[in-house]
Amino acid sequence: MRRRKQKPLQEHEAVVESLSHDGKGICRVDGKVIFVSGALAGERIRFSFRPHKKSHDEGLLIEVLEASEDRIEPKCQHYGVCGGCSFMHLNSEKQIEEKQKVLIDGLKHIGKVEGYEILPPLTTDPWGYRRKARLGVKFVYKKEKVLVGFRERGAPYLAELNQCEVLHPDAGMRLTSFASVIHSLSCYDKIAQIEVAIADDISAFVFRNLVELTDDDKEKLIRYAKEEAIAIYLQPKGPDTVTPLYPENPRLQYTLSDYDVTLDFQPTDFTQVNQDINPKMIRLALKLLDLNENDRVLELFCGLGNFTLPMARTAKHITGVEGDAELIARANKNAEQNNISNTDLHVANLMEDVSACSWLKGDYDKLLLDPPRSGAKEMMPYLAKMNIKHIVYVSCNPSTLARDAGTLVNEMGYTLVKAGIMDMFPHTAHVESIALFVKK
């Protein structure tokens, strides 16, 4: 079968109309939309693209001919090559404005919801904030070199990185160090990734080893862990095979001092990426819920207790539901260790039929939702039958928040009272948001 011949690359000049929801500049060539990474609204740019789709194409920025006043010099030496960040050429204030625009536009056009108060954005230091990440590892035979980091922008290859400015320094400043110790192993080409989990008192790294390590390899990693004062785990197969190599039994924790709560977690557990934004987010969520000592709260997608245990310090009772049985076990243990006894935690897949679940029949005053990117669409029919007065919805995807907001407001009799963004991922186009809905 003959391969279809590629169309020739075209070069054009254009003024960028605006930014897309993922931070790309929107240009038009003969009416066709071209998305150009690294371009900003109002800029005149020169770019290339290869005609491919009928509706739009992806362009490559060649030169900024007239720069926006909001353009800044990226702090990271690898920006533009590494695909980890997409907004580092835009000043922080404008990054926030663009993310707020994504939230507002989504609520208006997807959810058909307007007329609410816009909350002040939650922000923090935009550098060295990221405590959770999955780093790729690859031995490149042509270079005879181990690479550790993120993929190149728009390509499947690992970028050649020396450091990362957004990762917590315990990870971001160790990329070349990780590469060196891996290169010293006999299985230097059989380490697939490193999972990063930064706790309050120790930094943990899970090495995904595709083959069994020799005793000598293990000794090298143990010596490295001791020298660097870090924890190293091995993962020979699936997530259930993660085992500490050194120390023998590391304890990963983070503390929410406002609530006298400390949570234990495992390195592959879901925890919030930005531990400076996290306490601010919890404080805001609880303020919006306006909890009192008589409240019975339902929390869906409760995880290991990040919101659950702080809420339990004020409310009468918290019923938490989560699909991951290990996270529920962790949440129960965390409640016990923090001397919290007014929680009732259940395992249930909230993307499936939960009509037979006992917790669904409870009488609740308030609800906190913190779903994954797919949102809480499957829960809407159940919520429609419950007379919950206040709902706080924490979202990591403004599109699915907007969709669910449309259902709550236009079909279920709620009013969207307040909504705003939380800058959990500075320098990326990722938008974390929060919204308060009140029953009319």
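Derivation of every value follows stated rules applied to the coordinates shown; laboratory data play no part. Bear in mind that the values here come from a model prediction, so they are computed numbers and not experimental data. Cβ coordinates were reconstructed from backbone atoms using ideal geometry, including for glycine residues, and neighbour counts include every protein chain displayed.
Computed quantities for the displayed model
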| quantity | calculated |
| --- | --- |
| Two-site label geometry, LEU9 and GLU228: point separation in nm, points 7 Å out along Cα→Cβ | 3.7 |
| Selected from GLY111, PRO121, GLY83, residue furthest toward positive end of dipole (region 73-147; charges at beta carbon) | GLY83 |
| Most to least packed among 423-433, 253-263, 172-182 [average Cβ atoms within 10 Å] | 423-433, 172-182, 253-263 |
| Estimated 222 nm signal from helices in the chain, with DSSP H stretches of n ≥ 4 weighted -39500 (n - 2.57), rounded to 500 | -6500 deg cm²/dmol |
| Magnitude of the charge dipole, the chain, Cβ model with Lys/Arg +1 and Asp/Glu -1, debye to 20 | 1600 |
| Gained length - SER180 relative to ASP363, 0.36 nm times residue gap less alpha-carbon distance | 60.2 nm |
| Label-point separation in nm, ASP276 to LYS53, each point 7 Å along Cα→Cβ | 3.5 |
| Dipole of region 10-71, positive direction: furthest Cα of GLY42, VAL29, SER18, with charges on the beta-carbon | VAL29 |
| At R0 = 45 Å, FRET efficiency that the Cβ-Cβ distance of ASP353 and GLU117 yields, to 0.05 | 0.80 |
